[in-house]
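One structure is given here, and the rest of the page talks about it.
The values are calculated or read from the model by the stated rules, or taken from the named source; none is laboratory data. From a predicted model like this one, the values you see are computed outputs, not experimental measurements. In this analysis, Cβ positions are derived from the backbone assuming ideal geometry, glycine residues included, and neighbour counts consider all displayed protein chains.
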């Protein structure tokens, strides 16, 4: 049974954006279904879904990515397929439209797993990806407001940044992701992010690190969203996939990982997962996480802002 689930980022979303957010994740899931329904691959479907979200400036990935402390967009993305544990990733990548497509090229065209910074940008150009400034007027205006707010807070730079993000959680970065199972039972995950607002230049989050924010095995595929440092410390998606391998239903695995993380590290986390039979898992410890899903046999894609308590 083929299936797909996508997320648009866990966090504290503004209520007035709900309709647009749900429409966005629904479009992304529909792009994946259009590939899976005629027999396409899980990798093609997951990547296609993430491209839709990268091209939507409402989400923090690709065009519309949040800006670092220097006012630049540095984007992370990763893709992984369960068969062979093959993965391609890019980090701190600037001036491309779709980081997830560059990550896929790392998987398909190189012997590497992760390219970062100027090297990742040179690779993107070599692969034919045109230069593209992902900064939107809205993100530039938000950056100026955030820098002004940061300057008004006391203490040293990093404590001030921490205090700012704690006081205004809407400034923190979100992530987009998709996991898919195709009709042959193959699994794939794709995740992309602009990272945290006002991050230090060169900061790399969890999305391009296999096992942290993005992972796939022959048994399961998972994508994470939230504060990347938490996923890096916990190896969140690997832990989730390992539970499915041990026999957990994806939903039970999501809930188990969320319980462990919130007890030990914090609540800024959301997860999606799928197993090789097309069963899904979705959960978040934040106030909301726009997400959409489809399983073979359903009439249409479904979308929600939050998982029912």
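So, residue 240, is that one farther than 24 Å from residue 89 by Cα, under 17 Å from the mean Cα position of the chain (by Cα), assigned to a helix (DSSP H, G or I) and touching a residue at least 24 places away in the same chain (Cβ under 8 Å) or not?
The answer is no for residue 240.
Between 103, 91, 77, which is at pLDDT 95 or above, crowded, with 24+ Cβ neighbours inside 10 Å, under 16 Å from the mean Cα position of the chain (by Cα) and not in a strand (DSSP E or B)?
Exactly one of 103, 91, 77 is at pLDDT 95 or above, crowded, with 24+ Cβ neighbours inside 10 Å, under 16 Å from the mean Cα position of the chain (by Cα) and not in a strand (DSSP E or B), namely 103.
Those residues that are surrounded by fewer than 24 Cβ atoms within 10 Å (Cβ to Cβ) and within 28 Å of residue 184 (Cα to Cα), I need them from segment 257-281; list them, please.
Matches in segment 257-281: 276, 277, 278, 279, 280.
Looking only at residues in segment 128-140 that are within 23 Å of the chain's Cα centre (by Cα) and not in a helix (DSSP H, G or I), which one is surrounded by the most Cβ atoms within 10 Å (Cβ to Cβ)?
In this case the residue turns out to be 134.
When you scan segment 106-120, how many residues do you find that are in contact with a helix residue (DSSP H, G or I) (Cβ under 9 Å, 6 or more places away or on another chain) and part of a helix (DSSP H, G or I)?
Looking only at that region, the number is 4.
Tally up the residues in segment 243-269 that are at positive phi and in contact (Cβ under 8 Å) with a residue 60 or more places away in the chain, please.
Counting residues in segment 243-269 that are at positive phi and in contact (Cβ under 8 Å) with a residue 60 or more places away in the chain gives 0.
Condition (residue is on the phi < 0 side of the Ramachandran plot, surrounded by fewer than 24 Cβ atoms within 10 Å (Cβ to Cβ) and touching a residue at least 60 places away in the same chain (Cβ under 8 Å)) applied to segment 186-194: is it met by at least one residue?
The answer is yes; a qualifying residue exists.
Checking residue 52 against (1) outside any helix (DSSP H, G or I); (2) without any contact (Cβ under 8 Å) to a residue 40 or more places away in the chain; (3) touching a helix residue (DSSP H, G or I) at 6+ places or on another chain (Cβ under 9 Å), only one condition comes out false. Which one?
It fails just one condition, (1).
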